[in-house]
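K.L.:
One structure, as structure tokens, below. Some questions next.
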Amino acid sequence: MREFLELCGYEPSEIETESARVSAALARVGVTEEDLATGKRRLATYYDLELVGVRKVLGLLLKEFTNIVLARDEGYDRVAFSFMAPGCQLLGAAIMENYDGVAWVEADYTFLIVLGAVFNKAAAVMEAAEKLWLKTGGVGHCGNVKTAVGLLALGLVPKPDLVISSGFLCETSVKTVGLIQDWFGIPALYYDTWQDRELREYPYAGRATSFYAKSMRRLAGQVGERFGIDVTDDMLWRVMEQRKDFAAAMGRVNDLMRHGDPIPMRSTHVNLLGALESIPCRPGQLAEMTAALDTLHDELLDRTSKGIGATPKGAARVLSILPCHHSDPRWEDLANQLGVAIVASDFEFASSLGADRAGVIDPDDPYDVIGQHMHGAAQQILGGRVALILDACRELHLDGVLNHYHVGCRYVAGDAMTIKNVVTRELGIPVLTFEWDNFDPRSYNHEQYKANLETFVGMMGTGGEG
């Protein structure tokens, strides 16, 4: 255990105080000594462990995993479980900062990394969901929704008092919380927004964000009623102010990945950074996360100055449609090995960033401010999403687009051909289009992906130096 914790950036003093907690959490979810050996091997294979910042980020995710598993044991008598719920990490953080007995859990991304990327045990979670009502195969359901259901079915997370999702990101998720309520007896809540936006409303969808704000405020009131607490606007403002340094630190790391030639660390790490952003931080967590990102930035900046990177200088630089794989680092590792530098995901970009949003945002309503994520590519109408993709490719001078679409999601799968056609027509750069499951490691097909990527590299004609 000591060696594993060292690989995850735990300081010697932390190993002494935290080893028993981590051991208890891992044992609770079925991680064995053999699995620990697998984890150490996979960490060394897929992640740049020579970087202290990478180890610290891995450690932060392991700490959050441990916090979730042991929440009931450690005195949290009220637990909220949210998934596919953008904005809830801020609501959860505000509540936990002010009420000691409440734990707000967003487990999917953290567990997909710890159980999946590290220990290669994510498939069992998917299979548990499939034994209930979420199906695999040609009309398979989303692996992210399966993760939420599987974690509850296997008892890998404490049985929550509330389960929460949103209806605007995925209609399956809100249907699922209803089934969770019926199947597991856990009360379900959801929040929503308009989906009938028109392209003329792009780039600033004030109607959608306003409705989101009203629905999110209603959700906060419902949570408050059930938990016997009061969620105030001041609580949210304080959390949002605290996150500014963290957001700035994340932006500095992202900029080095977007503009570095070569990219200063492997694309497998992008998933780790995204998972950090989803954590509803308990008091003290945010400062530790910011410090880890600052350390990582300094190390990457040093690598950049020395020309050290994960791919050869001059390698093909591409945009990923959808984020990197959440539970399986093999895809991004293979892409880097074949000379493809994944510099960003379209989900990182939004039409509201750096723009004048006067008349769109109510500066006195924290829920409206949180709702500005509705301008991101993940929530945009197709025309808006394509516009963001084109702008990102132009701004970053990219050589191609990895158009892998999440086949279990009707929301994004239907965009794939339009994205390919428009990028090819407007930019004249290659687009590699294929289906996969963004969350399920069983979708990985090494020979197929290798052949596709080799063809893609040939189309771009940029093999890099060396």
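The values are calculated or read from the model by the stated rules, or taken from the named source; none is laboratory data. From a predicted model like this one, the values you see are computed outputs, not experimental measurements. Virtual Cβ from ideal backbone geometry, glycine too; neighbours counted across all protein chains shown.
K.L.:
Could you tell me whether any residue of the stretch 77-99 is surrounded by fewer than 24 Cβ atoms within 10 Å (Cβ to Cβ), touching a Lys or Arg at 6+ places or on another chain (Cβ under 9 Å), part of a loop (DSSP other than H, G, I, E, B) and without any contact (Cβ under 8 Å) to a residue 40 or more places away in the chain?
P.N.:
No.
K.L.:
Go through the stretch 193-249 and give me each residue that's free of Cβ contacts under 8 Å to residues at least 60 places away in the same chain and part of a loop (DSSP other than H, G, I, E, B).
P.N.:
194, 195, 196, 228, 230, 232
K.L.:
I'd like to know if the stretch 199-210 contains one or more residues that are under 18 Å from the mean Cα position of the chain (by Cα) and among the aromatic types (Phe, Trp, Tyr).
P.N.:
no
K.L.:
How many residues does the stretch 100-152 contain that are under 30 Å from residue 217 (Cα atoms), assigned to a loop (DSSP other than H, G, I, E, B) and over 18 Å from the mean Cα position of the chain (by Cα)?
P.N.:
The qualifying residues number 3.
K.L.:
Conditions: (1) in contact with a helix residue (DSSP H, G or I) (Cβ under 7 Å, 6 or more places away or on another chain); (2) surrounded by fewer than 19 Cβ atoms within 10 Å (Cβ to Cβ). Residue 175 meets all but one. Number of the miss?
P.N.:
Unmet for residue 175, out of (1) in contact with a helix residue (DSSP H, G or I) (Cβ under 7 Å, 6 or more places away or on another chain); (2) surrounded by fewer than 19 Cβ atoms within 10 Å (Cβ to Cβ): (1).
K.L.:
Now, a different point. Looking at the stretch 359-374, which of its residues are farther than 18 Å from residue 89 by Cβ and either in a helix (DSSP H, G or I) or touching a residue at least 12 places away in the same chain (Cβ under 8 Å) (or both)? Walk me through how you get there before you give the answer.
P.N.:
Initial filter on the stretch 359-374 (farther than 18 Å from residue 89 by Cβ): 359-365.
Passing the criteria: 359, 360, 361, 362, 365.
K.L.:
Within the bounds of the stretch 393-403, is there any residue that is modelled with pLDDT under 95, under 20 Å from residue 459 (Cβ atoms) and surrounded by fewer than 20 Cβ atoms within 10 Å (Cβ to Cβ)?
P.N.:
No, the conditions are met nowhere in the stretch 393-403.
K.L.:
Just to be sure before I move on: is residue 455 farther than 26 Å from residue 395 by Cβ, β-branched (Val, Ile, Thr) and either in contact with a Gly (Cβ under 9 Å, 6 or more places away or on another chain) or not in a strand (DSSP E or B) (or both) in the structure I sent?
P.N.:
Spelling it out, residue 455 is indeed farther than 26 Å from residue 395 by Cβ, β-branched (Val, Ile, Thr) and either in contact with a Gly (Cβ under 9 Å, 6 or more places away or on another chain) or not in a strand (DSSP E or B) (or both).
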